[in-house]
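Take a look at the structure below.
The values are calculated or read from the model by the stated rules, or taken from the named source; none is laboratory data. Just so we're clear, the structure is a prediction, and the values are computed from it rather than from any experiment. In this analysis, Cβ positions are derived from the backbone assuming ideal geometry, glycine residues included, and neighbour counts consider all displayed protein chains. Quick note on the areas: whole protein, heavy atoms, side chains included, nothing else; ligands and nucleic acids left out. Shrake-Rupley method; radii C 1.70, N 1.55, O 1.52, S 1.80 Å.
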Amino acid sequence: MEPLGQDANDHGQNSVGDGVHPWEVTDMTRLRRFICYGSEMAIYDTKEHRLGMESALALLSLLQEGRGCEVVEEVKRLALEGRPVRTNPSLFALAVCSQHLDLNTRRGAFRALSDVCRAPEHLFTFIQYKKEAKERMRCGIWGRALRKAVSDWYNKQDAMGLALAVTKCKTREGWSHQDLLRLSHAKPANEAIVLISKYIMKGWKEVQGAYADKENSEEVIKVLSYLEAVEKVKHSADEMEVSHLIEEHSLEREQLLTDHLKSKAVWKALLKEMPMESMLRTLGKMTADQVLEPGSSDVAEVCERIQSEAALKKAKLHPFSVLTASENYKRGQGNRGKVKWEPDVDIIKALDSAFYKCFTNVEPAGKRFMVAVDISTSLSSVVKGTAVSTAVAAAAMAMIFARTEAETQVMAYSEGAIVPCTITEGMSLRQVATELVKIPSGYTDCALPILWASEKTITVDMFIIFTNTACWHGEANPAECLRMYRHKMGIFSKLMVCGLTSNGLSIADPAEDRGMLDLCGFDLGAIEVIRNLALDLI
């Protein structure tokens, strides 16, 4: 970690010129927030809320102004570049655009469908949003444009990828692949898609009869073999046969019957090709079901995979994702307490190792950050919706920024006192947590880090403050302090206040300043929100 520089020349894109107000909240700002996390407000909540027209007023305003094509481009751009926290807001916005009165907006929305809907569940959700909107308008949804867009979605898929998709996710939101193919009058683009379409519409027996005596291409033979394996699994009660089919065809858990998941042999077969994120989510269940027994070769193999730098890089796991999985596993029971297990010591060690190895997966934003941790009573609680203590979460994020961003200053503050903290490359998470708790606890004053940076004339592109649920901000208002800091330093600095246990914050200025956001709770999505704000994507 290097100290923050005091020269703003290298970051001139953030400069604030005379008469220029880059912090102004516009309808496009509100749209970007909505696409990113489902709310136009300057508050990200880890609890997802149902979407409706009342939550997308900026979207409707932009459409009314004749800026529909701009809206579609933003939806597409953020889907491809901005890493939205949630998929549904993009689908909702695209659905609204796809039935706008302007022809170019509608066409643009349908052209963007394949870029935004990357999986069947996305396509089903998009169709349902269109249906709900059209019901209020009392008209049908299946016009020529939608039929072509849905047909194109299937035809653009890789054949084996589509075979996996349609057998892994068959229905969602009341829609099925059979519904979509029938209503879209889809015309398959090649023989492999013809085969998959026939399988969806007519079933496996029809496919067998149609292709039994044909001279099939290599691709069609591969798809036939895969679908045959899926069908055999559905009708097999032999755990050894199921295990063999899983291993031979890389079948996934969603393609199996519930009864299959009672078998240790089946779980062991799934483990061999199980995606890393799925494996981390099911470590507790596999331990509870004695699939992973202490000292076994299966535990050794799992630990080896968890610690594999190549596997972690391929999965693109963020350190906080591994930390959450680790803390959940250490807890020894599921979220509802029904499934319980005795955590395996070797697995815990492997997860701890993986946490540090995942730091190389973090893509630097290249900004100057100040991470300030409120060490008052907030550090004795648990992050909302997780098993991670607020002390560990704050320490982990401070550590991640210190190790991955070249210009980061970490501070601990409480009741009028603020202390710079040194986080070195070799420090463990426990050591970082200890380093943060240097001064006595007291009340929360979220303005302190900004005031300190202003007094020391330290240049900061983004202040990230970790605190508890309190809205109290001491004698000085953090929003006003940030504005004064910007004026003094001549740059458009931003503020993110993370209420780790909060159900609602009111520190950021929600209406007038796009450079301020509040986070209620903390999860992997919150990290993307921080990054998107730092990079001016929202």
query: Are any residues in segment 40-74 of a type in the set (A, V, I, L, M) and within 23 Å of Leu113 (Cα to Cα), and if so, which ones?
result: Leu51, Met53, Ala56, Leu57, Ala58, Leu59, Leu60, Leu62, Leu63, Val71, Val72
query: Tally time: how many residues in segment 58-88 are of a type in the set (A, V, I, L, M), touching a Phe, Trp or Tyr at 6+ places or on another chain (Cβ under 9 Å) and assigned to a helix (DSSP H, G or I)?
result: 2
field: Filter pass, Ser243 being in a loop (DSSP other than H, G, I, E, B), closer than 18 Å to Ser263 by Cα and outside the structural domain of Thr171 (by the TED database)
entry: no
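Mind telling me which of the residues Val291, Val322 ends up being at pLDDT 95 or above and either in a loop (DSSP other than H, G, I, E, B) or buried (at least 16 other Cβ atoms within 10 Å of the Cβ) (or both)?
Values: Val291 fails: at pLDDT 95 or above.
Sole residue among the options that is at pLDDT 95 or above and either in a loop (DSSP other than H, G, I, E, B) or buried (at least 16 other Cβ atoms within 10 Å of the Cβ) (or both): Val322.
Among the residues of segment 377-392, which ones are touching a helix residue (DSSP H, G or I) at 6+ places or on another chain (Cβ under 8 Å) and either of a type outside the set (Ser, Thr, Tyr) or assigned to a loop (DSSP other than H, G, I, E, B) (or both)? Reasoning before the result, please.
Filtering segment 377-392 down to residues touching a helix residue (DSSP H, G or I) at 6+ places or on another chain (Cβ under 8 Å) leaves 378-383, 386-392.
Correct list: Leu379, Ser381, Val382, Val383, Thr386, Ala387, Val388, Ala391, Val392.
Can you pull out every residue in segment 89-107 that is open to solvent by less than 10 Å² (accessible area, probe 1.4 Å) and either more than 22 Å from Gly52 (Cβ to Cβ) or outside any loop (DSSP other than H, G, I, E, B) (or both)? Talk me through it step by step, then tell me what you get.
Kept after step one, since they are open to solvent by less than 10 Å² (accessible area, probe 1.4 Å), are these residues of segment 89-107: 89-91, 93-95, 97-98, 105.
If the condition is that a residue be open to solvent by less than 10 Å² (accessible area, probe 1.4 Å) and either more than 22 Å from Gly52 (Cβ to Cβ) or outside any loop (DSSP other than H, G, I, E, B) (or both), then Pro89, Ser90, Leu91, Ala93, Leu94, Ala95, Cys97, Thr105 are the ones that fit.
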message: Conditions first: (1) surrounded by 13 or more Cβ atoms within 10 Å (Cβ to Cβ); (2) outside the structural domain of Val345 (by the TED database); (3) among the hydrophobic types (A, V, I, L, M, F, W, C). Ile306 passes all but one, so which condition is the exception?
response: (2)
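Going through segment 393-430 one residue at a time, which ones are assigned to a loop (DSSP other than H, G, I, E, B) and not acidic (Asp, Glu)? Spell out how you get there, then give the answer.
Let us first name the residues in segment 393-430 that are assigned to a loop (DSSP other than H, G, I, E, B), namely 405-406, 415-416, 422-428.
Matches in segment 393-430: Ala406, Gly416, Thr422, Ile423, Thr424, Gly426, Met427, Ser428.
Confirm whether Glu218 is touching a helix residue (DSSP H, G or I) at 6+ places or on another chain (Cβ under 9 Å), acidic (Asp, Glu) and open to solvent by 10 Å² or more (accessible area, probe 1.4 Å). Before you say what the answer is, go through the steps one by one.
Working: touching a helix residue (DSSP H, G or I) at 6+ places or on another chain (Cβ under 9 Å): no; acidic (Asp, Glu): yes; open to solvent by 10 Å² or more (accessible area, probe 1.4 Å): yes.
Judged against the criteria, Glu218 is not a match.
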message: Going by what's in this entry, would Arg136 be described as among the charged types (D, E, K, R) and either at pLDDT below 90 or touching a His at 6+ places or on another chain (Cβ under 9 Å) (or both)?
response: yes
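If you go through segment 326-344, how many residues are in contact (Cβ under 8 Å) with a residue 12 or more places away in the chain and either open to solvent by 40 Å² or more (accessible area, probe 1.4 Å) or part of a loop (DSSP other than H, G, I, E, B) (or both)? Steps first, please.
So in segment 326-344, the residues in contact (Cβ under 8 Å) with a residue 12 or more places away in the chain come out as 326-334, 339-344.
Going one step further and asking which of them are either open to solvent by 40 Å² or more (accessible area, probe 1.4 Å) or part of a loop (DSSP other than H, G, I, E, B) (or both), we end up with 328, 330-334, 339-344.
Residues in segment 326-344 being in contact (Cβ under 8 Å) with a residue 12 or more places away in the chain and either open to solvent by 40 Å² or more (accessible area, probe 1.4 Å) or part of a loop (DSSP other than H, G, I, E, B) (or both): 12 in total.
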- prompt: Given (1) in contact (Cβ under 8 Å) with a residue 60 or more places away in the chain; (2) under 17 Å from Asp27 (Cα atoms), where does Arg77 come up short, assuming only one miss?
  reply: (1)
query: What are the residues in segment 32-57 that are over 17 Å from Arg531 (Cα atoms) and part of a helix (DSSP H, G or I), if any?
result: Met53, Glu54, Ser55, Leu57
message: Among the residues that make up segment 500-516, is at least one of them open to solvent by less than 20 Å² (accessible area, probe 1.4 Å), closer than 16 Å to Pro22 by Cα and modelled with pLDDT of 90 or more?
response: yes
- prompt: Limited to segment 112-133, what total is found for residues that are under 22 Å from Val166 (Cα atoms) and either without any contact (Cβ under 8 Å) to a residue 12 or more places away in the chain or hydroxyl-bearing (Ser, Thr, Tyr) (or both)?
  reply: 5
